[in-house]
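K.L.:
Please read through the structure below; I'll follow up with questions.
The values are calculated or read from the model by the stated rules, or taken from the named source; none is laboratory data. If you're wondering where the values come from, they're calculated on a predicted model, not measured in any experiment. Every residue, glycine among them, receives a Cβ derived from its backbone with ideal geometry; neighbour counts consider all protein chains shown. Ligands, DNA and RNA are stripped out before the accessible areas are found, and what is left, the full protein with its side chains, is counted by its heavy atoms. Shrake-Rupley method; radii C 1.70, N 1.55, O 1.52, S 1.80 Å.
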Amino acid sequence: MTKDLNLKNGSLTEISPEKGTLGETLRKQGVSRRSFMKFCATTASMMALPPAMIPSIAKALENARRPSVIWLSFQECTGCTESLTRAHTSTVESLIFDSISLDYHHTLQAAAGHGAELAREVAMEENYGNYLLVVDGSIPLDNPGYSTIAGISNLDMLNEAAKGAAAIIAVGTCATYGGIPHANPNPTGAVSVKDIIKDKPIINVPGCPPIPVVITGVLAHFLTFGSLPELDHIGRPKAFYGQSIHDRCYRRPFYDKGQFAETFDDEGAKKGWCLFKLGCKGPTTYNACATTKWNNGTSFPIESGHPCIGCSEPDFWDGGGFYKALSMPTDNLTQTLKYAAAGAVAAGVTVGVMNRSKKNTSNKIHVKTTLEDLEK
Amino acid sequence: MTEIELLSWARGPGLQIATIVFVAGVVIRILEILLLGRKANLAEAKGSEMSNGLRTIVTRTIPDKTTFKRSSVTIVSGYVFHIAMFIPLFFFAPHILFFKDVIGVSWPSLPGAVVDAFAVISIIAMIAVLINRLTNRVMRYLTNFEDLLVWLLTFLPLITGYFAFHRIGLTAPSLLAIHLLSVEVLLIVFPFTKLMHTFTLFLARWYNGAISGYRGVAS
């Protein structure tokens, strides 16, 4: 389902023409035409768009005016920002980031105190109805004092910033599904952006942290088409979250053959066999790790010998432990089994005794009927 | 409730509830049967109850010629179903992990393709059993609601397991959750239906053999 934002192509930043186009900025940064086209082609293929779309993407991106982006960080660990900004080398993807007008991001901006908040207010006012709102971190509902920025509760700041946003990108599992703060027993009453904002288009980009290229892909799609990419049933772009880790895992043949690593240092682990028995959540996790990979396509957790922890799924922290296989019960079933059996033996014996006494009583009060009785 | 929450519930509280009902139900019912006792047999024993009983548990596995001729479809499809069903149940790696976690014992698994083949065979056999039950006039006459319910509840874990294995139709967490829930429903109704034959079959066969053993005749 593609959500049309009713935005004309590029209208996002018509309000701030002084910011220049994306093409101009990239050229200034020394990005060659070749690298730029390569990025467009990669984006098109990642988003499962036909190759014929590449020139359109290039043209749209080239002419797109730098959109104003307001980035709000709530109950989070800054891991998402780290992931998105710390590219290994200066890639076109990171330059796309440089090329947006990041008007407010309290971790990255130089301004502090009132100046910082003023930047946010000005950006919101100037670009009302057109800015992109990026949120990482969950929002506490139990007590507004649990997480505040400049004395403003996360809930108030989100509600206020969402009003004028063209769309919201929830980045990371905390913003998308509550994440770690939401984990049992959820002491702050943490919820996701989608739990609060109901009237704006929201793209969920979950992961702990999410893959940087997913963000740039979503951004490129937004700049090219002025609409959100096709989303799945829990708001994730299908192009990146359409397939499970398990289905795209290079270790899948070992799963099919029944060859598993039993421990982290056994022969199976050394041979690179399937990590299902070590708790891999790949079969129930939808993300692009197995294809896009991390650190400039170097590897992903399973390739490094660690099972997938399912970080792009809701409540991944409460799945019964990262090292417990998916087919294992999350609670201690052995103990339940013992207690249930012990209780049942006691109950069974009681029932047995009662049945016997009933039988004995029946035998005792049984009156024999004789032929004479019947003839009476 | 999200699909992951449903899966967590199925792996956690759902499984706990199902296990308690299953274990308590089975143990109480078996104890009730055993503790009921039998009337003292005043006749002189002409052979051993125990050895003949134990022998019958094994010998009754093979149907006699007349019975086989009379209900060959039932017997063949029944055997095919039971044997084919045990392969995925006990030799699929994720299932072995489950048993290992609960009872602490594990054994080697079979490759996915082998498990899959046996699952398909058991599904086909179950369908054959149902068709036979519905088309054979005598069988249809004997069929009651419980028979059909038990068939369905046995069929569901197989078919949902097949769908989960091949990831057909829904997302993987939903498929896995549905599979687990179907198993849990089966475990809960187990002690209260004819599914109890899994355990009582041994008692019944032993008893049949024991009666003949006591009388000193062939069973």
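K.L.:
Could you identify the single residue in A:Leu158, A:Leu141 that is open to solvent by 70 Å² or more (accessible area, probe 1.4 Å), in contact with a strand residue (DSSP E or B) (Cβ under 8 Å, 6 or more places away or on another chain) and at pLDDT 90 or above? Explain how you work it out, then say what you get.
P.N.:
Working: A:Leu158 fails: open to solvent by 70 Å² or more (accessible area, probe 1.4 Å).
Sole residue among the options that is open to solvent by 70 Å² or more (accessible area, probe 1.4 Å), in contact with a strand residue (DSSP E or B) (Cβ under 8 Å, 6 or more places away or on another chain) and at pLDDT 90 or above: A:Leu141.
K.L.:
Could you tell me how many of the residues in region B:97-120 are more than 9 Å from every other protein chain (Cβ to nearest Cβ) and either crowded, with 17+ Cβ neighbours inside 10 Å or not in a helix (DSSP H, G or I) (or both)?
P.N.:
Narrowing region B:97-120 to residues more than 9 Å from every other protein chain (Cβ to nearest Cβ): B:99, B:105-107, B:116-120.
Checking the rest, the ones that are also either crowded, with 17+ Cβ neighbours inside 10 Å or not in a helix (DSSP H, G or I) (or both) come to B:105-107, B:116, B:118-119.
Here the count works out to 6.
K.L.:
Is it the case, given these coordinates, that B:Leu42 is without any contact (Cβ under 8 Å) to a residue 12 or more places away in the chain, of a type in the set (A, V, I, L, M) and either more than 14 Å from every other protein chain (Cβ to nearest Cβ) or in contact with a Cys (Cβ under 6 Å, 6 or more places away or on another chain) (or both)?
P.N.:
Numbers: without any contact (Cβ under 8 Å) to a residue 12 or more places away in the chain: yes; of a type in the set (A, V, I, L, M): yes; either more than 14 Å from every other protein chain (Cβ to nearest Cβ) or in contact with a Cys (Cβ under 6 Å, 6 or more places away or on another chain) (or both): yes.
Spelling it out, B:Leu42 is indeed without any contact (Cβ under 8 Å) to a residue 12 or more places away in the chain, of a type in the set (A, V, I, L, M) and either more than 14 Å from every other protein chain (Cβ to nearest Cβ) or in contact with a Cys (Cβ under 6 Å, 6 or more places away or on another chain) (or both).
K.L.:
Okay, next question. In region B:164-178, which residues are within 9 Å of chain A (Cβ to nearest Cβ) and surrounded by fewer than 18 Cβ atoms within 10 Å (Cβ to Cβ)?
P.N.:
B:Arg167
K.L.:
I've got another one for you. Filter region A:286-311 down to the residues that are open to solvent by 50 Å² or more (accessible area, probe 1.4 Å) and either small (Gly, Ala, Ser) or more than 20 Å from A:Leu84 (Cβ to Cβ) (or both) and list them by number.
P.N.:
Residues satisfying the conditions are A:Glu303, A:Ser304, A:His306.
K.L.:
Can you confirm whether region A:46-53 contains a residue that is closer than 13 Å to A:Phe222 by Cα, touching a residue at least 40 places away in the same chain (Cβ under 8 Å) and surrounded by 15 or more Cβ atoms within 10 Å (Cβ to Cβ)? Can you show your working first?
P.N.:
From region A:46-53, those closer than 13 Å to A:Phe222 by Cα are A:47; that's our starting set.
Narrowing further to those that are touching a residue at least 40 places away in the same chain (Cβ under 8 Å): A:47.
Pick out the ones that are also surrounded by 15 or more Cβ atoms within 10 Å (Cβ to Cβ) and you get A:47.
Yes; the residues of region A:46-53 include at least one that is closer than 13 Å to A:Phe222 by Cα, touching a residue at least 40 places away in the same chain (Cβ under 8 Å) and surrounded by 15 or more Cβ atoms within 10 Å (Cβ to Cβ).
K.L.:
Do the conditions hold for A:Ala220, that is, is it part of a helix (DSSP H, G or I) and open to solvent by less than 10 Å² (accessible area, probe 1.4 Å)? Lay out the reasoning, then the answer.
P.N.:
Working: part of a helix (DSSP H, G or I): yes; open to solvent by less than 10 Å² (accessible area, probe 1.4 Å): yes.
It is true that A:Ala220 is part of a helix (DSSP H, G or I) and open to solvent by less than 10 Å² (accessible area, probe 1.4 Å).
Okay, residues lined up against (1) farther than 19 Å from B:Arg11 by Cβ; (2) at pLDDT 95 or above; (3) away from chain B (no Cβ under 12 Å); (4) part of a helix (DSSP H, G or I):
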residue: A:Thr291; (1), (2), (3), (4): yes, no, yes, yes
residue: A:Gly297; (1), (2), (3), (4): yes, no, yes, no
residue: A:Pro307; (1), (2), (3), (4): no, yes, yes, no
residue: A:Gly321; (1), (2), (3), (4): no, no, no, no
residue: A:Ser327; (1), (2), (3), (4): no, no, no, no
residue: A:Thr330; (1), (2), (3), (4): no, no, no, no
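K.L.:
Here's a follow-up. Against the condition open to solvent by 50 Å² or more (accessible area, probe 1.4 Å) and without any contact (Cβ under 8 Å) to a residue 60 or more places away in the chain, how does A:Lys277 come out, does it pass?
P.N.:
no
K.L.:
Turning to a different aspect of this structure: Look at A:Ala261 and say whether it is closer than 30 Å to B:Gln16 by Cβ, hydrophobic (A, V, I, L, M, F, W, C) and open to solvent by less than 50 Å² (accessible area, probe 1.4 Å). Please lay out each step first, then the result.
P.N.:
Details: closer than 30 Å to B:Gln16 by Cβ: yes; hydrophobic (A, V, I, L, M, F, W, C): yes; open to solvent by less than 50 Å² (accessible area, probe 1.4 Å): yes.
When the stated conditions are applied, A:Ala261 passes them.
K.L.:
Cβ contacts < 6 Å: first residue within 15 Å of A:Ala190 (Cα to Cα), restricted to region A:144-165; second residue of a type in the set (Ser, Thr, Tyr) and not in a helix (DSSP H, G or I), any location; separation 6+ or different chain. Result?
P.N.:
A:Pro144/A:Ser153; A:Tyr146/A:Thr188; A:Asn154/A:Ser147
K.L.:
Considering only residues that are within 18 Å of A:Leu102 (Cα to Cα) and of a type in the set (D, E, K, R), which ones fall in region A:131-159?
P.N.:
Selection gives A:Asp136 alone.
K.L.:
Okay, moving on. Which one is farthest from B:Tyr79 (Cα to Cα) among residues in region B:32-68 that are open to solvent by less than 70 Å² (accessible area, probe 1.4 Å) and outside any helix (DSSP H, G or I)?
P.N.:
In this case the residue turns out to be B:Ala43.
K.L.:
Which one of these does A:Gly207 not meet: (1) more than 13 Å from chain B (Cβ to nearest Cβ); (2) at positive phi; (3) open to solvent by 10 Å² or more (accessible area, probe 1.4 Å)?
P.N.:
Of the numbered conditions (1) more than 13 Å from chain B (Cβ to nearest Cβ); (2) at positive phi; (3) open to solvent by 10 Å² or more (accessible area, probe 1.4 Å), the odd one out for A:Gly207 is (3).
K.L.:
Has region A:236-246 got any residue that is of a type in the set (Val, Ile, Thr) and in a helix (DSSP H, G or I)? Show your work before the answer.
P.N.:
Just the residues of region A:236-246 that are of a type in the set (Val, Ile, Thr), to begin with: A:245.
From what's left, in a helix (DSSP H, G or I): A:245.
Yes, region A:236-246 contains at least one residue that is of a type in the set (Val, Ile, Thr) and in a helix (DSSP H, G or I).
K.L.:
Here are some conditions: (1) assigned to a strand (DSSP E or B); (2) modelled with pLDDT of 85 or more; (3) not hydrophobic (A, V, I, L, M, F, W, C). A:Gly129 meets all but one. Which one does it not meet?
P.N.:
Going through (1) assigned to a strand (DSSP E or B); (2) modelled with pLDDT of 85 or more; (3) not hydrophobic (A, V, I, L, M, F, W, C) one by one, A:Gly129 breaks only (1).
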